[in-house]
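Accompanying notes for the structure given below.
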Amino acid sequence: MIIHFAVGKATVRKLFEMKEQLESLNGVSINFGEGGMMIVNIILAFVMFGVALGIKTQTFKDVFTSPRSVIVGILLQWVGLPAVTFAIALALSPVITPMIALGMILVASCPGGNISNFISSLSKGNIELSVSMTAISTAFAPLITPINFFLWGSLYSSVISINSEIPRLVIPFLPMLEQILLLLGVPIVLG
């Protein structure tokens, strides 16, 4: 019993040390720059092209003629993932900072990306369903992402009693649409 208590104290101490380390990340800002983002986008386009080579048009039609799997997947992505992330952030709130929690909620509110299509391809999953969900969630991202982030972020702030504003999330629609077409549309059509 005494040994168990000593291990528990060490674990608690390490968790609070982790929180101190995470607090040092609050001021970190990541900026790829114009050239860095172009390289990332080119790599993503090539990955998507590789995925598109294995897609059959008939299976794409099948996904949309019986859309139940797409609807369930989109609902889980738009509601389920942010809700689960919110619950995890609440559970971890004693050991993570509010900025880390809000970052987790922001990532969970974003649409699935091209890498999910690549992983579906590698795992011999339903690539057409994955691509369909990526296309739909990305097309609606300018509307759904800010709503989800504001809803779950505000809820998190009120539950843990943060006395600060939730950062405003602005997604420029036309540049995002352009990227969707370049990173998702063009490689699928070419593939």
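Numbers below:
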| read-out | value |
| --- | --- |
| Shape of region 64-148, Cα gyration tensor, a/c cut at 1.5 | prolate |
| Inter-probe distance in nm under a simple model that places probes 7 Å from Cα toward Cβ, at Asp62 and Leu22 | 4.3 nm |
| Contour minus Cα-Cα distance for Phe49 and Ile119 (0.36 nm per residue) | 23.9 nm |
| Net lengthening on full extension, Leu90/Ser69 (0.36 nm per residue, minus Cα-Cα) | 4.6 nm |
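No lab work stands behind these numbers, since they all come straight from the coordinates. None of the values given here were measured: they were computed from a predicted structure. Every residue, glycine among them, receives a Cβ derived from its backbone with ideal geometry; neighbour counts consider all protein chains shown.
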